[in-house]
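Below: the structure, in structure tokens.
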Amino acid sequence: MSSYNAQYKIPREKVFKVQETSEQGDVAEPTPLLIEGQGTYIFKASQRFSDCVGEPVLPIQPLRIAFRTSDLSTNQETDPDSNGELFYLDIDSETTRLNVEGAIVESNTFGIVQSDYAFYWISLDVRNVDKENNYVSIRFGRGEARFETQVFCYQKNMPKTKGFWHISQVLVSHSVQPMRLLRDPVVGEVPLVVKNTDTLTMEDVAANRVMPKAALSTEGQKLYDIVAGQNFVLDTPDFPAFSDAIKHSIETETGWCYKTLKDKSGEFGSDSKAVYLRITLGNAGGESPGIPFVMEIWPPQCHSPIHQHAGANAIIRVLSGEINVLLFPFLANETVTPNSTDRSVNVVPFAKASFVKDEVTWISPLLNQTHKLQNNAAIGGKPCITIQCYMYDEADSGHYPFFDFVYDDGTIDQFIPNSDMNFIQFKETMKKEWDESGKMV
């Protein structure tokens, strides 16, 4: 009989409710890690800020996140007041500091971001080196919990007698609003291109350059299976010039696309290039923000505002042309040059990627949620046409119905996912315009 006592069905995450903390004292009740010695804690400031430029600066309440063992005797010989704490993170208005075993080992000038949309993460990964030592990795970042948003990383081999392997609890100050506790640590970059099993190679997995379809969430896999098939295409035998007809409609003043784009100009602020078309497929069924399947048409040099996706899963497939994607750690105004001393609410994209015809990318409730899409083709070039589809997680009981976005003046508003026309009617309209133009395939 094996002595190994496996804990099956360990949950992958714990989602906290707003203000899920105790009411008394300086700290909340400790939260147990899902697995000892590893995990990622995602949090934000419980203090509310204003995202509007020009509002008075509030006194900033510092944040503390401490990791400890459940055995409060740990480190008592060297630090009688440790209460089992092996390390903690402090963030105030000016700096972030990591204290390990009573010494500051990391410090920088990235303090609390004064935005209700800003959030942070800290990741712990303790692994066996040999019988006497553990490898300890502590990472801290701002925004989505991923390697690409990391601010700093502390790594060191530690004797097992130090107890890091048995870290089992997180303890936070009341100024911290916990968001999620993930079972797994942050260990590497997140691939953006999705591949199905039939096209996945050993090199793809070894180089971590693609996201296997099987690694997506259950909802993401469902959406992928719907839109990634070989017959889910724009130009079909009954209308092989569909994509050409859309381009003609965009460029012709009497075209439906041209006129609709002109009417929509200014929807997201004064930037006339922040405009695109939304052609919906099917009906809303209560499982997504708006109608779940949307064909989006991006004229050359046009783009979306920076926006979020209601915490939903999503799949994006390029049907024609090329789409360029900027990914952001959290929702805020874009700035070209990062400035650690600037307390205004600006961020830089942590990743840029381009996707061409038939390539697929993905969004989950925790990753790739905040982006800006744009078609960088020259004027007169090819429009980009994508199919976007959305689905809430099975456990999502909130069903937030809006896509929050940033106006060009920096303010944040709610976009109701709408429809410019349904797909069947749009295809008929494009075919009629194309036939009347006298153009031939």
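Each reported figure results from applying straightforward, stated rules to the coordinates on display, with no laboratory input. Keep in mind it's a predicted model, so treat the numbers as computed, not measured. A quick note on method: Cβ atoms are made from the backbone with ideal geometry, for glycine too, and the neighbour counts reach across all protein chains shown.
Taking the Cα centre of the chain as the origin, how large is its charge dipole in debye, to the nearest 20, when only Lys and Arg (+1) and Asp and Glu (-1) carry charge on their Cβ atoms?
Details: 39 positive and 58 negative charges, 133 e Å.
Rounded to the nearest 20 debye, it is 640 debye.
Modelled label positions at Asp184 and Ile416, each set 7 Å beyond Cα in the direction of Cβ, lie 3.8 nm from each other. Label separation (Asn196 vs Glu94): 5.8 nm, computed from points 7 Å beyond Cα along the C-beta direction.
A full extension of the chain between Val105 and Lys156 corresponds to an added length of 17.3 nm, given 0.36 nm per residue minus the alpha carbon distance.
For Ala214 and Ser272, the difference between the fully extended length at 0.36 nm per residue and the C-alpha to C-alpha distance is 16.9 nm.
To the nearest 500 deg cm²/dmol, what mean residue ellipticity at 222 nm is calculated for the chain from DSSP H runs of n ≥ 4 alone, each contributing -39,500 (n - 2.57), summed and divided by the residues?
Numbers: 5 runs with 50 residues, N = 441.
Value at 222 nm, helices only: -3500 deg cm²/dmol.
Just need the relative contact order of the stretch 173-296 here, percent rounded to a whole number, with Cα pairs under 8 Å and 6+ apart. With pairs under 8 Å counted, the relative contact order is 10 percent.
For the stretch 82-174, trypsin sites (Lys or Arg not before Pro) meeting the loop criterion (DSSP other than H, G, I, E, B) and having at most 12 other Cβ atoms within 10 Å: Lys131. Which of rounded, prolate or oblate describes the stretch 194-324 when judged by the alpha-carbon gyration tensor and an a/c cut-off of 1.5? In terms of gyration-tensor shape, prolate.
Testing the spin-label approximation: label points 7 Å from Cα along Cα→Cβ at Asp408 and Asp435. State their distance in nm. For Asp408 paired with Asp435, the spin-label model returns 3.9 nm. Here Asp225 and Lys352 are evaluated by their C-beta separation; at R0 = 25 Å the FRET efficiency comes out at 0.35.
So what is Rg over Rh here for the stretch 282-441, counting just Cα atoms and using Kirkwood for Rh? Could you put the intermediate results ahead of the total?
On the way: Rg = 17.3 Å, Rh = 17.2 Å.
With Rh from the inverse mean 1/r over Cα pairs, Rg/Rh is 1.00.
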